[in-house]
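Here is the structure we will look at.
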Amino acid sequence: MNEQIIPYFPLGIVVLPGEKAKLHIYEARYKQLINECRIAEFNFGIPFVFNSKLADMGCEVKLNKVISTEQNGEMEIEIEGTRIFKMNNFQNPIPTKLYGGGSVVFYKSLGHEIDHELNDYFRWYISVITSNKKRLPDDVKYSVYTIAESLNIHQRDRYRFILCRNITGMRNFLINYMGLQVEIKKRALKLKQNFLLN
């Protein structure tokens, strides 16, 4: 783990490594941040905000592109997650800047340490949830992060997912989540069948 000082852009979303997201930039402090990212090509961190409280974990993101810019400086941008971090402190604002930042510790990437069992379970889950209408390509390799992204997990549960911080914990989280969703679907189908029989 290595410590580094980065700018912060706190948001109520958990961006995962490898995940792309679009943001609308309208506040002066974040206009400054994104314009500086464009010029100097540095990354920034998105600490997770839940119930107006700043959590101590987040994801570093890179600016992929500026999609559009308005006359007033507002922007639509695309970002991509790179590394999960733990926040050590938050200085708001950073001296001479409008935006905040602080010291973070980056965690080792766990994205590609996936076993065959989790891969097979994910494929089974997709077939059940889509009633065999969708089959995943055989030649695609999934990571714990791409699986989590595809499951459309609630933001609070995404945060619980990144808190696992080891491959075993993340794997178990995903399998438990998928198992729960399959059980919910089975119960919904059973209720529907019972309703049609009555």
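Would the range 42-64 turn up any residue that is surrounded by 14 or more Cβ atoms within 10 Å (Cβ to Cβ) and part of a loop (DSSP other than H, G, I, E, B)?
Scanning the range 42-64 turns up at least one residue that is surrounded by 14 or more Cβ atoms within 10 Å (Cβ to Cβ) and part of a loop (DSSP other than H, G, I, E, B).
Could you look through the range 1-41, keep only residues that are more than 24 Å from residue 105 (Cβ to Cβ), aliphatic (A, V, I, L, M) and outside any helix (DSSP H, G or I), and pick out the one that is farthest from the chain's Cα centre (by Cα)?
25
Here is a list: 73, 102, 81. Which entry is among the small types (Gly, Ala, Ser), outside any strand (DSSP E or B) and assigned by TED's automatic domain parsing to the domain that holds residue 6?
The unique qualifying residue is 73.
Have a look at 132, 92 and point out the one that is farther than 25 Å from residue 20 by Cα, at pLDDT below 90 and of a type outside the set (Gly, Ala, Ser).
When all the criteria are applied, what remains is 132.
Given the criteria surrounded by 14 or more Cβ atoms within 10 Å (Cβ to Cβ), in contact with a helix residue (DSSP H, G or I) (Cβ under 7 Å, 6 or more places away or on another chain) and part of a loop (DSSP other than H, G, I, E, B), does residue 125 qualify?
For residue 125, the condition - surrounded by 14 or more Cβ atoms within 10 Å (Cβ to Cβ), in contact with a helix residue (DSSP H, G or I) (Cβ under 7 Å, 6 or more places away or on another chain) and part of a loop (DSSP other than H, G, I, E, B) - is not met.
Looking only at the range 129-175, count every residue that is in a loop (DSSP other than H, G, I, E, B) and of a type in the set (A, V, I, L, M) and tell me the total.
4
The values are calculated or read from the model by the stated rules, or taken from the named source; none is laboratory data. What you are looking at is a predicted structure, and each value in this text was computed from that prediction instead of being measured. For neighbour counting, all protein chains shown are included, and Cβ atoms are generated from backbone atoms with ideal geometry for every residue, glycine included.
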